[in-house]
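See below for the structure under consideration.
The values are calculated or read from the model by the stated rules, or taken from the named source; none is laboratory data. If you're wondering where the values come from, they're calculated on a predicted model, not measured in any experiment. Glycine also receives a Cβ, built like all others from the backbone with ideal geometry; neighbour counts cover every protein chain displayed.
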Amino acid sequence: MSTPEPGKPIYNVKNPFIAKVKRAFDISGSDAPKHTRHYEIELTGSQLVYTPGDSLAVQPTNDPALVYETLKALGFSGEEIVKHPKTGIEVPIRQALIEATLITEIDNKLIKAIIEKTMGNTTLAGLLEPEKKDELKSYLWGRYVIDLLLENPSAKFEPQEFMLTQKKLNIRLYSISSSQKAHPEEVHLTVATVRYSSHGRARGGVASTFLAERITVGETLIPVFVNHGKGFRLPEPDDETPVIMIGPGTGIAPFRAFLEERKATAAKGKAWLFFGEVSAKTCFFYKDEFEAYLADGTLAKLTTAWSRDQAEKIYVQHKMLENSAEIYTWLEQGAIVYVCGDASRMAVDVDKALHSIIEKEGSKTTEEASAYMAAFKEAKRYRRDVY
Ligand SMILES: Cc1cc2nc3c(=O)[nH]c(=O)nc-3n(C[C@H](O)[C@H](O)[C@H](O)COP(=O)(O)OP(=O)(O)OC[C@H]3O[C@@H](n4cnc5c(N)ncnc54)[C@H](O)[C@@H]3O)c2cc1C
Ligand SMILES: NC(=O)c1ccc[n+]([C@@H]2O[C@H](COP(=O)([O-])OP(=O)(O)OC[C@H]3O[C@@H](n4cnc5c(N)ncnc54)[C@H](OP(=O)(O)O)[C@@H]3O)[C@@H](O)[C@H]2O)c1
């Protein structure tokens, strides 16, 4: 964890730094199946300090168009006065919904209130029973507050009563994708814009669409603060330890920061980056930078996996298995393995690939490979930042 220098301000959720985006651009091509963007946030005057491996907390606001629709479904003008859920100050409900309420997720309090107000005459009836947990989860998947209001028009709320049924709109974390040594007055982010459709509406993730669609570069005020990472740190620059970085998709973010830092500090150990995305043509994020690092030796190796450039899926773990002998050599040389990105599928499969590599190349039994992995974790040489 980076220790703030004496006299430097400490920013946190109650005292965020109010930043502006200096530059933002797409890093995925226009015909890519997903939209990923690079953001450069201005820090001048903030004295904000970060270290590669840290993430930035961003406080988003809701889409005013969705707030308008939600107010319409409630039968409110938007001017009704309620308590701001975060400050307790009286504000128009429109402002409270834009700034502080998670209208894209449904709290059980809202379900309970609708069941009561409709006297059970609703598809929600019974869904709060403990044995209906899975049914409730699948019912709520892709539904916003507005969906429940439109499906239950007889459930009428007073403005403050409605506010009490809502969750708070909290910060989102983004892995920092820059080194402060390379950009003293900036912090960079690499963000995939979450977009999907459900229940007949185009939907968007609150924070990722806030950044992609609702900010004006150089103008919009964005509350941010650094969430200091604990163990996701580079070895010391004068250390010879090799590093293997596995970061498909937006998992690349901290590794761009690591590489900028290693170039700035002329780090000694060798570095190997595994990057995966759907297609080399549309989603080779930061290609020019990584190729320059290969040319100047900041990166010893760059291995890519393009999942949709051929009939069968090729993922980072397939490329790891193809390179198993060399990965094992690096492990035996004391390499630290870093993994960042999707927790539910990728990180699990990468973990399995590491086990297979150790088993095969170390001529070990499954149990011996597990013991090797356990020792490897114990030595803090397996560092993951997955979400
Ligand atoms: C430590 C950490 C670091 C992170 N770093 C990064 C990073 O560098 N870059 C990055 O892009 N993200 C990163 N994330 C993820 C990021 O914090 C947000 O979770 C992400 O941007 C989505 O937030 P959002 O507000 O846009 O979406 P939300 O409003 O939170 O919406 C996401 C939700 O939408 C719902 N949803 C999504 N797709 C569908 C669908 N098809 N059908 C129905 N419902 C759906 C799901 O409930 C999902 O949880 C990181 C997370 C953590 C914890
Ligand atoms: N909590 C949230 O709200 C939230 C929001 C955004 C992202 N995320 C998580 O962050 C992840 C990163 O999203 P992203 O858009 O940057 O990229 P991503 O969805 O992880 O995709 C990046 C690459 O990884 C591939 N991939 C898919 N399954 C894989 C597996 N099992 N092993 C290895 N690679 C695999 C994808 O291939 P294909 O797509 O061709 O299969 C693609 O080529 C998401 O998957 C999601 O889990 C969470």
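Restricting 81, 27, 41 to those that are surrounded by fewer than 16 Cβ atoms within 10 Å (Cβ to Cβ), modelled with pLDDT of 95 or more and of a type in the set (A, V, I, L, M, F, W, C) reduces the list to 81. Taken together, the residues in the range 186-206 that are assigned to a loop (DSSP other than H, G, I, E, B), at negative phi and either surrounded by fewer than 15 Cβ atoms within 10 Å (Cβ to Cβ) or in contact with a helix residue (DSSP H, G or I) (Cβ under 6 Å, 6 or more places away or on another chain) (or both) amount to 1.
Considering (1) more than 13 Å from ligand 2 (Cβ to nearest atom); (2) over 26 Å from residue 186 (Cβ atoms), the lone condition that residue 259 does not fulfil carries the number (2). Do we have any residue at all in the range 47-69 that's without any contact (Cβ under 8 Å) to a residue 24 or more places away in the chain and among the charged types (D, E, K, R)? Checked the range 47-69: no residue is without any contact (Cβ under 8 Å) to a residue 24 or more places away in the chain and among the charged types (D, E, K, R).
Within the range 133-173, the residues that satisfy the criterion of being near ligand 1 (Cβ under 10 Å from one of its atoms) and either of a type in the set (A, V, I, L, M, F, W, C) or in contact with a helix residue (DSSP H, G or I) (Cβ under 7 Å, 6 or more places away or on another chain) (or both) are 140, 141, 169, 171, 172, 173. Looking only at the range 133-161, residues that are surrounded by 13 or more Cβ atoms within 10 Å (Cβ to Cβ) and in a helix (DSSP H, G or I) come to 12 in all. If you go through the range 328-356 and keep only what is more than 15 Å from ligand 2 (Cβ to nearest atom) and over 27 Å from the mean Cα position of the chain (by Cα), you end up with 328, 329, 330, 331, 332, 333, 334. Screening the candidates 367, 361 for the property of being without any contact (Cβ under 8 Å) to a residue 60 or more places away in the chain, surrounded by fewer than 16 Cβ atoms within 10 Å (Cβ to Cβ) and of a type outside the set (S, T, N, Q) yields one hit, 367.
When you check residue 207 against the structure, is it under 30 Å from residue 293 (Cβ atoms), under 21 Å from the mean Cα position of the chain (by Cα) and not assigned by TED's automatic domain parsing to the domain that holds residue 23, yes or no? Steps first, answer last, please.
Working: under 30 Å from residue 293 (Cβ atoms): yes; under 21 Å from the mean Cα position of the chain (by Cα): yes; not assigned by TED's automatic domain parsing to the domain that holds residue 23: no.
Against the criterion (under 30 Å from residue 293 (Cβ atoms), under 21 Å from the mean Cα position of the chain (by Cα) and not assigned by TED's automatic domain parsing to the domain that holds residue 23), residue 207 does not qualify.
Confirm whether residue 183 is away from ligand 2 (no atom under 16 Å from the Cβ), within 30 Å of residue 121 (Cβ to Cβ) and in the same structural domain as residue 40 (by TED's automatic domain parsing).
Taking the combined requirement at face value, the residue does not satisfy it.
This table checks each residue for (1) within 25 Å of residue 175 (Cα to Cα); (2) within 16 Å of ligand 1 (Cβ to nearest atom).
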{"position": "297", "(1), (2)": "yes, no"}
{"position": "322", "(1), (2)": "no, no"}
{"position": "351", "(1), (2)": "yes, no"}
{"position": "367", "(1), (2)": "no, no"}
{"position": "385", "(1), (2)": "yes, yes"}
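Selection of first residues in the range 270-286 that are closer than 16 Å to residue 310 by Cβ and in the same structural domain as residue 342 (by TED's automatic domain parsing) and of second residues that are in a strand (DSSP E or B) and more than 16 Å from ligand 1 (Cβ to nearest atom), restricted to Cβ pairs under 6 Å at least 6 apart or on distinct chains, gives the following pairs, ordered by first then second residue: 276/305; 279/306; 280/306. Scanning the range 21-38 for residues that are closer than 17 Å to residue 309 by Cβ and more than 11 Å from ligand 1 (Cβ to nearest atom) yields 28, 29, 31, 32, 33. Counting only helices (runs of 4 or more DSSP H) that sit completely within the range 49-128, those holding 2 or more residues that are under 18 Å from residue 203 (Cβ atoms) correspond to 64-74, 93-100. Screening residue 320 with (1) within 16 Å of ligand 2 (Cβ to nearest atom); (2) more than 27 Å from residue 236 (Cα to Cα); (3) aliphatic (A, V, I, L, M) gives one miss only, at (2). Of all the criteria given as (1) within 20 Å of residue 290 (Cβ to Cβ); (2) exposed (fewer than 13 other Cβ atoms within 10 Å of the Cβ), the one not satisfied by residue 242 is (2). In the range 185-196, the qualifying residues are those that are out of contact with any Leu (no Cβ under 7 Å at 6 or more places or on another chain) and in contact (Cβ under 8 Å) with a residue 24 or more places away in the chain, and the one that is farthest from ligand 1 (Cβ to nearest atom) is 188.
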